[in-house]
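The next block holds one structure in the form of structure tokens; read it before the comments.
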Amino acid sequence: FKFKGPLSFRSALAESRNIPAIKVSYLAGISNVIQKARDMGISSLNKSPEYYGLGLVLGGGEVSLLEMTGAYSVLGNDGIYNKPTGILEVRDFEGNVLEKYVPDEQRVLEENAARMVNSILSDNEARAPLFGSNSFLYFGGKDVAGKTGTTNDNRDAWLIGYTPQVSVGVWTGNNDNSPMKKGSSISGKPWRAYMDEVIKNYDNESFTDYELPENF
């Protein structure tokens, strides 16, 4: 990649530019970044900030697919965190409810901040310079946000996408951690195939617009 010069937050995030991500982490403070990730359910980042350093934003910390997908659901839910669970209800043979999932919602992100990120990650025009205008992230008139990520030598290929109702994550890689020939685009096909089916179960709900702060 050539040096692009000054970029807006929208262009930098939509095009997965590394240097702006590093600079934002530096300005925010890596301790604050890690704490916010933990607030959003990423408990696997359990070492000190010094251990990770600014390389954290480039894949310098090991996380699980479930935690990452759950964290992105916070964005789609306007900053509200729900802990992922595999069982919603248990019934006996007579249909009596023995156990039932009880939501324990927690606000972990400012509503307007979540909506700003949703706007960026669902902006097909902003990501077009990297992915093209008709990529696996483009769903026509439907609001679908998405973010890819690739570790060194294409050992891990991530793709997490979400709507206001559902968050779906895909990790692709070799089980011996050997390099692959392609990066995050390799996760595009299975993610898109599943996403096409799952969003049929939901109304075509759009992300809520953010409010521009004063003196922004």
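In region 186-216, which residue that is in a loop (DSSP other than H, G, I, E, B), out of contact with any Lys or Arg (no Cβ under 8 Å at 6 or more places or on another chain) and of a type in the set (Ser, Thr, Tyr) is most open to solvent (accessible area, probe 1.4 Å)? For region 186-216, the residue satisfying everything is TYR202. Looking at region 103-113, can you tell me whether even one residue there is at pLDDT 95 or above and in contact with a Leu (Cβ under 6 Å, 6 or more places away or on another chain)? The answer is no, given that none of the residues of region 103-113 is at pLDDT 95 or above and in contact with a Leu (Cβ under 6 Å, 6 or more places away or on another chain).
Under the condition of being over 18 Å from the mean Cα position of the chain (by Cα) and of a type in the set (D, E, K, R), the residues counted in region 178-195 number 2. Within region 53-84, the only residue that satisfies the criterion of being among the β-branched types (Val, Ile, Thr), in a helix (DSSP H, G or I) and over 21 Å from TYR202 (Cα atoms) is VAL57. Taking the conditions (1) surrounded by 13 or more Cβ atoms within 10 Å (Cβ to Cβ); (2) in contact with an Asp or Glu (Cβ under 7 Å, 6 or more places away or on another chain) in turn, VAL63 satisfies each one other than (2). Looking at region 85-185, the strands (runs of 3 or more DSSP E) lying wholly inside it that each contain 3 or more residues that are open to solvent by less than 40 Å² (accessible area, probe 1.4 Å) sit at 145-150, 157-162, 167-172.
The values are calculated or read from the model by the stated rules, or taken from the named source; none is laboratory data. Because the structure is predicted, anything quoted here is derived from the model rather than measured. Note that we place each Cβ from the backbone using ideal geometry, even for glycine, and neighbour counts take in every protein chain shown. With ligands, DNA and RNA removed, areas are computed over all heavy atoms of the protein, side chains included. Shrake-Rupley method; radii C 1.70, N 1.55, O 1.52, S 1.80 Å.
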